[in-house]
DNA sequence: CCGGATCCGGGTTGATACTG
DNA sequence: CAGTATCAACCCGGATCCGG
């Protein structure tokens, strides 16, 4: 990318990650850890293969990613630091997630939404396990424990709540944009004690 | 901009602010409040006039900015929400600010750097006034009071410390990348009790 | 001077085909 | 699997021009 030529931190940041597709590549690496070329291509529907190769080269020479064993790509420690701006952007764009339309979806992106909303520790958070089954993806378990929320792969052993349905419905409910009733009307099935979901307590602005 | 067509909050955010120059326009509006077209053009050295007009149209139709009285452009409440991701990106890019080279500089960007590093309240922060005189700009006063740091226009009445010199030296010192000695070797003059600067206490990760 | 609009050359992106 | 090659379409940058 052409540099903005401005002695300003934001402009310098955009010199590195401002190109088209670049930040989405970092998103995939944040979500999934070290990835192979084909994993990235699959997690970035719509990218042209030459652009992916170009961006990976640029990111590596900028020091954001590095090549690991077996040709895997991974973020450097500095690259991991893009965590904060990326999730901040995701939270900002929450209102744009109302309609899915015909946009592509990958189940791993649900993890992104959960991190954006429940990141950090909240002592008042209730312990619980929510099984999440989004159409077209493998099941995952949202685990709230010791004040923190995680999303792990695989079905839950004994979930308190089970959520299943289309991506936009499940995402709207987990993202706090849809009430349980509204989510149901979008095709989401809620099993178990739905009222417990309120105990997840989304972040208010406190990280760490 | 062409949409990524992905049902992911980050991709949706980039659909809106991912175009070249767009986030820098928002930076100027965050720093200076409502701006006229010419103010923006001046704060964005290197932008082509047609691109500025295009971006302003796009941002308005997306709901990020709105036109006020006398043709001024201002952020909407949603647009103001870009504060967090923008300053997070600025903090991430701190290491890239080592060398100024021949990059353009505007004195108002110093404010951006101060916000990125000292944003939020810290009860252990010491009260003080630091006058900042960067070459080519009008003087400003960095005021630490009641745990918060602000940068206001104009010379200080009775500053505890006076900083003056070239942009990269002053920015390096305020940004924590240069020691006082290193900043002096880059042409920064430090008047008053330089040791007091340590009492500013940069943010550790706690907002609000 | 302010606030753009128009035009054009060159660079970037996107889609597809191809290769070790 | 992991890219490279090619080429058309689009976007960006720079210059110029125009109405108030």
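Taking the condition closer than 23 Å to residue A:153 by Cα and within 16 Å of DNA strand C (Cβ to nearest atom), does residue A:116 pass?
Working: closer than 23 Å to residue A:153 by Cα: yes; within 16 Å of DNA strand C (Cβ to nearest atom): no.
Considered against the rule, which asks whether it is closer than 23 Å to residue A:153 by Cα and within 16 Å of DNA strand C (Cβ to nearest atom), residue A:116 comes out as no.
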#### Entry: Scan of the range B:41-58 for residues that are away from DNA strand D (no atom under 11 Å from the Cβ) and more than 22 Å from residue A:8 (Cα to Cα), ordered by number
B:57
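How about the range B:3-43: which of its residues are within 13 Å of another protein chain (Cβ to nearest Cβ), more than 24 Å from residue A:91 (Cβ to Cβ) and out of contact with any helix residue (DSSP H, G or I) (no Cβ under 6 Å at 6 or more places or on another chain)? Spell out the reasoning first.
Applying the first criterion (within 13 Å of another protein chain (Cβ to nearest Cβ)) to the range B:3-43 yields B:3-31, B:42-43.
Going one step further and asking which of them are more than 24 Å from residue A:91 (Cβ to Cβ), we end up with B:42-43.
Within the range B:3-43, just B:42 meets the criteria.
Considering each residue of the range A:148-179, count those that are part of a loop (DSSP other than H, G, I, E, B) and on the phi > 0 side of the Ramachandran plot, and give that number.
Going residue by residue through the range A:148-179, those that are part of a loop (DSSP other than H, G, I, E, B) are A:154-160, A:166, A:175-179.
This time we only want the ones that are on the phi > 0 side of the Ramachandran plot, so: A:154, A:176.
The number of residues fulfilling the criteria is 2.
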### Task
Could you check how many residues of the range A:65-109 are at the interface with chain B (Cβ under 10 Å from one of its Cβ atoms), over 30 Å from residue A:166 (Cα atoms) and not in a helix (DSSP H, G or I)?
1
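Scan the range A:77-90 and give yes if some residue there is under 29 Å from residue A:117 (Cα atoms) and within 15 Å of DNA strand C (Cβ to nearest atom), otherwise no.
Restricting attention to the range A:77-90, the residues satisfying the condition of being under 29 Å from residue A:117 (Cα atoms) are A:77-90.
In the following step, the residues that additionally are within 15 Å of DNA strand C (Cβ to nearest atom) were identified as none.
No: the range A:77-90 contains no residue that is under 29 Å from residue A:117 (Cα atoms) and within 15 Å of DNA strand C (Cβ to nearest atom).
Here's a check for you: in the range A:66-101, which residue that is touching a strand residue (DSSP E or B) at 6+ places or on another chain (Cβ under 8 Å) and crowded, with 18+ Cβ neighbours inside 10 Å is nearest to residue B:26 (Cα to Cα)?
Among those that are touching a strand residue (DSSP E or B) at 6+ places or on another chain (Cβ under 8 Å) and crowded, with 18+ Cβ neighbours inside 10 Å, it is A:82.
When you look at residue B:63, is it more than 9 Å from DNA strand C (Cβ to nearest atom), farther than 22 Å from residue A:17 by Cα and either more than 20 Å from the chain's Cα centre (by Cα) or crowded, with 18+ Cβ neighbours inside 10 Å (or both), yes or no?
Taking the combined requirement at face value, the residue satisfies it.
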### Task
Assess whether residue B:51 counts as being within 16 Å of DNA strand C (Cβ to nearest atom) and either more than 19 Å from the chain's Cα centre (by Cα) or surrounded by fewer than 19 Cβ atoms within 10 Å (Cβ to Cβ) (or both).
yes
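Looking at A:36, A:20, can you tell me which residue is more than 26 Å from residue B:45 (Cβ to Cβ) and within 14 Å of DNA strand C (Cβ to nearest atom)?
Exactly one residue qualifies, and that residue is A:36.
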### Query
Looking at the range B:122-142, which of its residues are without any contact (Cβ under 8 Å) to a residue 24 or more places away in the chain and either out of contact with any strand residue (DSSP E or B) (no Cβ under 6 Å at 6 or more places or on another chain) or surrounded by 15 or more Cβ atoms within 10 Å (Cβ to Cβ) (or both)?
B:139, B:141
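No value in this document is a laboratory result; all are computed from the given coordinates. Keep in mind the model is a prediction, meaning the values are calculated, not measured. No Cβ is skipped: glycine too gets one built from the backbone with ideal geometry, and neighbour counts run over all protein chains shown.
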